[in-house]
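Below is one structure, written out as structure tokens; the observations come after it.
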Amino acid sequence: MDIPKRTLGRTGVEVTVLGLGGEGILRTYGNDGEAYALINRALDLGITYCESARAYAGSETYYGKALQERRKDVFLTSKSHARNKRGALAHLHETLRNMNTDHLDLWQVHDVRTIDDIAEIFGPDGAIEAFVEAKEGGLARFIGITGHHDPFIIRTCIERFDFDTVLLPVNPAEPAHQSFLAHVVPLAQERNMGIVGMKVYFRGFAARIPGFTGMEPFLRFALSQPVTNIVIGCDDIPQLEENVRYAGSFEPMAPDEMAQLVRTVSPFARQLMYYKP
């Protein structure tokens with residue numbers, strides 16, 4: 001079953017609506033065989049968007065070992081949580097070594113949370129200087145921003161710099177909480193940014209919500225929003241294959257169906273957004 005594709009905003013690159021997240025089994029150490037099999041199964045199933053982060057344990061190294069000659073088949077992304085230029089450049093070179101590549105398709109400023117983060121990232125010798133240098137030097141094709149704590153922090157970042165993409169939470173708890181869908185997505189659309197969704201399954205907690213026996217409603221909800229794609233980490237190949245089936249058979253949710261899902265989830269919204277299994 002083919003996975004639909006959408007254009008990643010101003011980048012002009014078509015990517016699958018489902019991307020392989022860098023968490024799950026990939027955010028571990030010592031599971032080389034399982035990670036290798038998962039990554040290659042994702043590519044065999046047609047996924048073209050693969051993401052990681054310098055903070056994600058052995059994830060980057062797993063990609064570097066698994067992709068090899070298949071590097072050209074994927075839109076490869078990673079992130080740096082460093083807030084100054086020197087630290088971010090050190091992260092980039094480590095990332096490139098780990099991932100066994102001479103460039104990233106997308107390099108992202110990772111998990112911006114506070115005003116102090118913004119001051120450091122965009123201040124003298126801040127991390128953003130490293131990102132610009134990397135793009136100008138061909139080490140990263142595009143620059144992105146990520147965050148899932150405060151939509152107004154991410155909105156401020158987008159107002160400060162012309163990012164190509166944004167990675168943010170997309171799920172039915174959003175409207176009842178601090179909504180990235182309401183406060184960030186419209187601005188990102190205005191700027192023709194690629195919009196990538198995360199936390200689609202609330203770090204796996206969706207399975208514990210009363211009345212739900214499967215994850216498909218949450219994936220359908222996310223892909224029914226104005227996003228390019230979503231990234232989901234997987235613990236094993238059966239989870240991956242299930243997500244691919246959902247994405248391959250995706251049909252947009254009707255507005256009344258989305259509204260009902262939001263109402264059902266809203267009593268758990270804060271718990272869902274901050275739950276860690």
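The values are calculated or read from the model by the stated rules, or taken from the named source; none is laboratory data. Please read these numbers as outputs of a predicted model, since none were measured by experiment. So basically every Cβ, Gly included, is an ideal-geometry build from the backbone, and we count neighbours across all protein chains shown.
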Within region 22-43, residues touching a residue at least 60 places away in the same chain (Cβ under 8 Å) and in contact with a Lys or Arg (Cβ under 9 Å, 6 or more places away or on another chain) come out as G22, E23
All-but-one check, H93 against (1) at pLDDT 95 or above; (2) outside any helix (DSSP H, G or I), failing number (2)
Of (1) crowded, with 17+ Cβ neighbours inside 10 Å; (2) part of a helix (DSSP H, G or I); (3) modelled with pLDDT under 95, Q68 fails just (1)
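Let's see how each residue does on (1) outside any loop (DSSP other than H, G, I, E, B); (2) closer than 29 Å to F212 by Cα:
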position	(1), (2)
F142	yes, no
L167	yes, yes
N171	no, yes
L181	yes, yes
In region 231-274, anything buried (at least 16 other Cβ atoms within 10 Å of the Cβ), under 19 Å from the mean Cα position of the chain (by Cα) and modelled with pLDDT under 85 is listed as L272, M273
Subset of region 44-62, residues crowded, with 19+ Cβ neighbours inside 10 Å, in contact (Cβ under 8 Å) with a residue 40 or more places away in the chain and under 20 Å from I143 (Cα atoms), comes to T48, Y49, E51, S52, A53, R54
If we keep only residues of region 68-87 that are within 20 Å of the chain's Cα centre (by Cα) and among the small types (G, A, S), then the residue farthest from I232 (Cα to Cα) is A82
If you go through V17, V74, the only one that is in contact with a Pro (Cβ under 6 Å, 6 or more places away or on another chain) and either surrounded by 21 or more Cβ atoms within 10 Å (Cβ to Cβ) or under 19 Å from V244 (Cα atoms) (or both) is V17
Only one of M99, M1 is farther than 21 Å from V170 by Cβ, of a type outside the set (D, E, K, R) and at pLDDT below 95, namely M1
**Prompt:** Condition test on A222, is it part of a helix (DSSP H, G or I), within 14 Å of the chain's Cα centre (by Cα), at pLDDT 95 or above and not hydroxyl-bearing (S, T, Y)?
**Reply:** yes
Of the residues in region 151-174, those that are surrounded by fewer than 17 Cβ atoms within 10 Å (Cβ to Cβ) and closer than 19 Å to K199 by Cβ number 1
Somewhere in region 194-215, is a residue modelled with pLDDT of 95 or more and surrounded by fewer than 19 Cβ atoms within 10 Å (Cβ to Cβ)? no
Taking first residues from region 123-146 that are within 16 Å of S52 (Cβ to Cβ) and second residues anywhere that are in a strand (DSSP E or B) and of a type in the set (K, R), the pairs with Cβ under 7 Å that are 6 or more apart or on different chains are T146/K79
The condition from (1) surrounded by fewer than 23 Cβ atoms within 10 Å (Cβ to Cβ); (2) under 21 Å from G22 (Cα atoms); (3) of a type outside the set (A, V, I, L, M) that W107 misses is numbered (1)
